[in-house]
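Here the structure comes first, spelled out in structure tokens, and everything after it is commentary.
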């Protein structure tokens, strides 16, 4: 394989890593810009912004993405002048930089797909470049583009001149992902390299040569119409890994002194991977090579591989439970003890492996800062976004699938919930509305709230639209909870006209469907004139949980262990139950709603004289479930319900026990609705289609 073919193969393999990590850098830029709008004088934010843009530009240069490099150079120039205090940050500048960030993201996606830029897209980019140069207030900015300059216009000079360059690369250049030959190829786009001389004085003997160390140093002449700023820009992303001296053509002009810069990138940095947003924000001068694993180290793993490991782990948990059952049946003490040790190790492996997929939900919440900013501006509203509990962790697979429903709910709150400043002031409210995104752990699940202090749900308007669409018989006024429930009906909308935000009746029903697919529930509460709150409850993980195994007759069921509060004993002849198995028992002087699983699910088995009542906490309240047997804690591998059982009320999944039997897993939130609401009354809590979780069974 030729060197060129090897380079192309390397680029093809490494490009996905660049695409992924550049996305992280661009996300960091967006969040930093939004923070900068609140703290325009914060020098740390400005420095972090510049480093992120510099990293994207440098990494794009390695892969030959000239359009990305050229455009990002304009952004970098403005950020550099901001950092040096030569220009001041303004809201209009923030809007422009956000648009430029979107443009960089578009160019990277275009490079990934191999598409071409249309004339309109090129004109839009040129407009952004012009505005960037105007904001920078630097007349030379237009000529400092890091990329091939149009013939006859580079640097503003029509005649080519010969520049002399001396460059020496430091030993860790290769380890830091830099390619000196790529720099030369890049310079050929500015002009012609007429003479080059390689300095071999620093190259060690062959027996002591480390192939991962760089010893390149060379001098050459470059004939180009570009100015010194454009030439220096070619080395901008490698300046910390080289010494550079540029001698201008006669007559002599002041030029930048040779730069002697220490190596800053870690020795084990992947050759194609730019720094993460966290490392990009760290001061370069403080960066040190890692020795002995003293610093945190990170490795990227494909999500599919991790999912495969977790699937195998689930099978291991099931096999371990089966082995433990056989060991207990054998009554051999040493075998039972050995199996207990194995199960403890399996549990530790399970917890550690699942932790690998847990990510803070705050990363998802932070993405909505831009959405709130742009949507509020489009609607002419003033909105303050507050994020609470951003460090709450959730399974990555759940986070990825909840992002779109959250996006719609946020936009819906901005469009329908919050009023304009004039409307708010007329109602005696502050002109600026509040939108709160919060998250917390509760009863083995995660609770997400979207709260606004807007106008609330206008029930009469909802009811009138329901009559109009035939969802409710004209003249009939349902219960308050049922009116709120209408909002989640397919095709329902109260918007007066169709806009790019609302009016087509597509949204809330899709939100409900997506949340249901995650075994979650969504609940709406609202007070007219005061605002609305939407609560979303989701399982922490979709794979394995700690369960509490119980028995009713020959049937086995599992509660999420975190939802179990306590267990009490009761006599069946002391508890009056209705036809659906609902009743009330006394718990420390307070009434506790209970539900009898035997009656609720029509299980054919004899009723014992005494039963246990498992007290469950869900939906901010407590209720009891009457069971025959308490079988203890159980590592539960969650399996989806088959199509035949998806209509089963109150269930979210199934699990295979050690003896091969199947146990159904309760959805404690929907079971709460079945336990606490009398027949014929609907609850506003909407949940999984695996149970008719919003509608109690009829007697």
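The values are calculated or read from the model by the stated rules, or taken from the named source; none is laboratory data. All figures in this text were calculated on a predicted structure; none of them were measured in a lab. Quick reminder, even Gly has a Cβ in these numbers, built from the backbone with ideal geometry, and neighbours come from all protein chains shown.
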Quiz item: So residue 431 fits all but one of (1) under 30 Å from the mean Cα position of the chain (by Cα); (2) closer than 19 Å to residue 373 by Cα; what number is the exception?
Solution: (1)
Exercise. Return yes when residue 457 is in a loop (DSSP other than H, G, I, E, B), in contact with a strand residue (DSSP E or B) (Cβ under 8 Å, 6 or more places away or on another chain) and surrounded by 19 or more Cβ atoms within 10 Å (Cβ to Cβ) and no when it is not.
Key: yes
Practice problem: Would you point out the residue of region 174-218, among those that are touching a residue at least 24 places away in the same chain (Cβ under 8 Å) and more than 47 Å from the chain's Cα centre (by Cα), that is farthest from residue 249 (Cα to Cα)? | Solution: 202
Exercise. Looking only at region 642-664, decide whether some residue is free of Cβ contacts under 8 Å to residues at least 40 places away in the same chain, assigned to a loop (DSSP other than H, G, I, E, B) and either surrounded by 24 or more Cβ atoms within 10 Å (Cβ to Cβ) or at negative phi (or both).
Key: yes
Quiz item: Quick one: is residue 391 farther than 23 Å from residue 454 by Cα, in the same structural domain as residue 437 (by TED's automatic domain parsing), in contact with a helix residue (DSSP H, G or I) (Cβ under 7 Å, 6 or more places away or on another chain) and not in a strand (DSSP E or B)?
Solution: yes
Exercise. Kindly establish whether residue 285 is modelled with pLDDT under 70 and part of a helix (DSSP H, G or I).
Key: yes
Self-check item: Test for residue 201: is it part of a loop (DSSP other than H, G, I, E, B), outside the structural domain of residue 70 (by TED's automatic domain parsing) and at pLDDT below 85
Solution: yes
Practice problem: Spot the failing condition for residue 624; the list is (1) out of contact with any strand residue (DSSP E or B) (no Cβ under 7 Å at 6 or more places or on another chain); (2) assigned to a strand (DSSP E or B), and only one is missed. | Solution: (1)
Quiz item: If you check residue 173 against the conditions, is it assigned by TED's automatic domain parsing to the domain that holds residue 222, modelled with pLDDT of 80 or more, surrounded by fewer than 20 Cβ atoms within 10 Å (Cβ to Cβ) and outside any helix (DSSP H, G or I)?
Solution: no
Quiz item: In region 603-619, which residues are more than 14 Å from residue 551 (Cα to Cα) and free of Cβ contacts under 8 Å to residues at least 40 places away in the same chain?
Solution: 609
Quiz item: Somewhere in region 191-201, is a residue buried (at least 17 other Cβ atoms within 10 Å of the Cβ), closer than 22 Å to residue 59 by Cα and in contact with a strand residue (DSSP E or B) (Cβ under 7 Å, 6 or more places away or on another chain)?
Solution: no
Exercise. Take the residues in region 347-369 that are under 11 Å from the mean Cα position of the chain (by Cα) and in a helix (DSSP H, G or I), then tell me which one is surrounded by the fewest Cβ atoms within 10 Å (Cβ to Cβ).
Key: 363
Quiz item: more than 22 Å from residue 18 (Cβ to Cβ) and part of a helix (DSSP H, G or I), is that true of residue 125?
Solution: no
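Results for (1) modelled with pLDDT of 85 or more; (2) out of contact with any helix residue (DSSP H, G or I) (no Cβ under 7 Å at 6 or more places or on another chain), shown as yes or no for each residue.
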{"position": "442", "(1), (2)": "no, yes"}
{"position": "447", "(1), (2)": "yes, yes"}
{"position": "452", "(1), (2)": "yes, no"}
{"position": "458", "(1), (2)": "no, yes"}
{"position": "466", "(1), (2)": "no, no"}
{"position": "472", "(1), (2)": "no, no"}
{"position": "475", "(1), (2)": "no, yes"}
{"position": "478", "(1), (2)": "no, yes"}
